[in-house]
Each structure stands twice: as C-alpha cells, then as structure tokens.
Amino acid sequence: MGGNSETLADAFIKGTEEAGSSAKKICLYDKKIEFCKGCLACQSTEKCVLRDDTEEIIAQMKAADVLVFATPVYFYEMSGQMKTLLDRTNPLFPSEYRFRDIYLLAASADEEPASMDGAVKGLEGWIRCFEQARLSGVVRGTGADKKGEISKCTAALSTAYEMGKHI
Ligand SMILES: Cc1cc2nc3c(=O)[nH]c(=O)nc-3n(C[C@H](O)[C@H](O)[C@H](O)COP(=O)(O)O)c2cc1C
C-alpha cells in the first residue's frame, strides 16, 4: 500500500483528473483473485465460473476507455498479482470491450530501463489478444528499491502525470 508503483499510478491519476477526466484506481493487494482454471467456459458465456473479486474488476475494465496497469518489477517480470488478473480477463476476449489505449507504469530497484522489458513484453502479449487495443505508453520508474524511493524518479513521475493529462 502506498508503494512505488502505486505512487506512479497516483501521478497518472492526478494528471487525468486535472485534465477533467475521471479515473478509478483498483488496488490488487487486498483483492481475492483466484487462478484461471483454463476451462474456457467464458468464451461462450463472457462470464467466469469462479466467484471472487475479479468479476467486479473485469466489469470495470470492460467499461473503461483507457486501462493503466501499475506494477512493481518482480524477477524482471510483472508482479504475480497483475499476471493472475490478466489471465482472469479471458471473459473480455469475446466481449465488446471499450478500451483502446493501454499504459504500463512499472517500478524497479534496478537502475537499468531494460529491467522493465519483461513486464512490457508480458503486457504486450496480453494486448496482442485484444486487437483493438494498443500499448500507448510505458513509464519506467527505475532505481526505486525501498518504499518511497520513487520520489527520486522525478522524470518518471512527471511522465506519468503528463501521460495522465493527455489520455
Ligand atoms: C519478490 C520481489 C522481487 C523483485 N524482483 C526485482 C527484480 O527482478 N528487479 C528489480 O529491479 N527489482 C526487483 N524487486 C524490487 C521492486 O521491483 C522495487 O522495490 C519496486 O520499487 C517495488 O514497487 P512497489 O513499492 O510498488 O511494490 C523485487 C521486489 C520483490 C519484493
């Protein structure tokens, strides 16, 4: 809670709201999100057979114009929480989803911008399956190890803010 990736998300949201759009932040850390069972029932029903917090999250994703994912880099990939959610979005695949622009905000301890490449590639794989959507921007909050260190990444924070302002 209040970690580096969430701070990037908050900067993005600030830009969005200042530009007159509304944003809804959904934090996964207190959500119950089970693993996809791979039954594929959702491909005909557009509903998941599992009952947990994902149902509400998917409904909000489906109705959103823009999706913004914020994640810490874990072992040079997106966090498991984010990947587990992406797997559970399979009901959206056959649906009339609205979103087109997708953004990724990531925080890593590593100073190298390439430390985010695994997370970017993972999200690009998801976007490839949602043909009307595109990856419109990536913010790389590098060199943020301990909680709060993202405040040193002023360029990343202002990029997130500007992206939010121009969605
Ligand atoms: C389980 C775990 C794995 C991590 N793996 C990496 C990694 O592979 N590369 C890296 O640069 N940072 C890694 N980190 C550090 C986090 O990415 C970094 O502290 C980030 O700023 C945390 O963001 P948060 O405050 O939003 O959780 C890892 C942290 C944890 C807890």
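Out of the residues in the range 5-39 that are of a type in the set (D, E, K, R) and in a helix (DSSP H, G or I), state the one that is nearest to TYR74 (Cα to Cα).
My answer is GLU6.
Which one is surrounded by the fewest Cβ atoms within 10 Å (Cβ to Cβ), of the residues in the range 78-103 that are within 16 Å of the ligand (Cβ to nearest atom) and under 21 Å from PHE35 (Cα atoms)?
Out of the qualifying residues, it is GLY80.
Inside the range 47-77, can you point out the residues that are open to solvent by less than 60 Å² (accessible area, probe 1.4 Å) and near the ligand (Cβ under 10 Å from one of its atoms)?
Of everything in the range 47-77, those that are open to solvent by less than 60 Å² (accessible area, probe 1.4 Å) and near the ligand (Cβ under 10 Å from one of its atoms) turn out to be ALA70, THR71, PRO72, VAL73.
Identify all residues within the range 115-151 that are within 16 Å of the ligand (Cβ to nearest atom), surrounded by 13 or more Cβ atoms within 10 Å (Cβ to Cβ) and without any contact (Cβ under 8 Å) to a residue 24 or more places away in the chain; write none if there are none.
Result: VAL120, single match.
Would you check if there is a residue in the range 44-54 being in contact (Cβ under 8 Å) with a residue 12 or more places away in the chain and within 28 Å of LYS165 (Cβ to Cβ)? I'd like the intermediate steps shown before the answer.
Filtering the range 44-54 for residues in contact (Cβ under 8 Å) with a residue 12 or more places away in the chain gives 44-50, 52-54.
Among the residues that remain, those that are also within 28 Å of LYS165 (Cβ to Cβ) are: none.
Among the residues of the range 44-54, not one is in contact (Cβ under 8 Å) with a residue 12 or more places away in the chain and within 28 Å of LYS165 (Cβ to Cβ), which makes the answer no.
Would you say ALA106 is open to solvent by less than 30 Å² (accessible area, probe 1.4 Å) and within 16 Å of the ligand (Cβ to nearest atom)?
Spelling it out, ALA106 is indeed open to solvent by less than 30 Å² (accessible area, probe 1.4 Å) and within 16 Å of the ligand (Cβ to nearest atom).
Looking at this structure, is GLY164 closer than 14 Å to ALA70 by Cβ, assigned to a helix (DSSP H, G or I) and more than 9 Å from the ligand (Cβ to nearest atom)?
The answer is yes for GLY164.
The values are calculated or read from the model by the stated rules, or taken from the named source; none is laboratory data. Nothing here was measured: the structure is a model prediction, and the numbers come from that model. FYI the Cβ positions are ideal-geometry reconstructions off the backbone, even for glycines, and counts take in every protein chain you see. The area values use the complete protein model at the heavy-atom level, side chains included, leaving out ligands, DNA and RNA. Shrake-Rupley method; radii C 1.70, N 1.55, O 1.52, S 1.80 Å.
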